[in-house]
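Scroll down for the structure; my scribbles are underneath it.
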Amino acid sequence: MKMAEAMERAFGSKPEELLAAIGPSIGPCCYEVDQPVAEAFAAKMDWRPENFIKNGGNGKYMLNLWEANRRALLCAGLLPERISIAELCTQCHADLLYSHRASGGKRGGLAAFFALKEASACQN
Ligand SMILES: [Zn+2]
């Protein structure tokens, strides 16, 4: 939400004009946390926890960070069709991507690069 506000101040961007991408990260298939973490996470969110926290049993919960971030972007005014989610779990694909949990903390990092591009008259 703060980024959308900052972009509107700096560039005049309207939230409904923004594109957003949620890149690879640990997925809801693998992001298991204990109850105190799940409760603290839910307390920080304005939405119903069942939308992004599933009870895995035995005091464990599965967090869906992709969905939590998608909802944060929607609350910032982005349109659902302009939000892309890679749905690529780093732990499931530790052979391709760095995963903190899969490597036991002995890992590298992921990065993304963005740039503003001047609009071109050519639309091809
Ligand atoms: Zn996974």
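Observations
- Count of residues meeting criterion [of a type in the set (D, E, K, R) and either within 14 Å of E67 (Cβ to Cβ) or in contact with an Asp or Glu (Cβ under 8 Å, 6 or more places away or on another chain) (or both)] in the range 14-31: 1
- The range 61-96, subset out of contact with any Asp or Glu (no Cβ under 9 Å at 6 or more places or on another chain) and farther than 20 Å from A20 by Cβ, residue surrounded by the fewest Cβ atoms within 10 Å (Cβ to Cβ): D95
- L116 being among the hydrophobic types (A, V, I, L, M, F, W, C), open to solvent by 60 Å² or more (accessible area, probe 1.4 Å) and touching a helix residue (DSSP H, G or I) at 6+ places or on another chain (Cβ under 9 Å): yes
The values are calculated or read from the model by the stated rules, or taken from the named source; none is laboratory data. The model shown is predicted, which means the values in this text are computed figures rather than measured ones. We place every Cβ from the backbone using ideal geometry, glycine too, and count neighbours over all the protein chains shown. Each accessible area value is taken on the protein alone, full model and side chains, heavy atoms only, with ligands, DNA and RNA left out. Shrake-Rupley method; radii C 1.70, N 1.55, O 1.52, S 1.80 Å.
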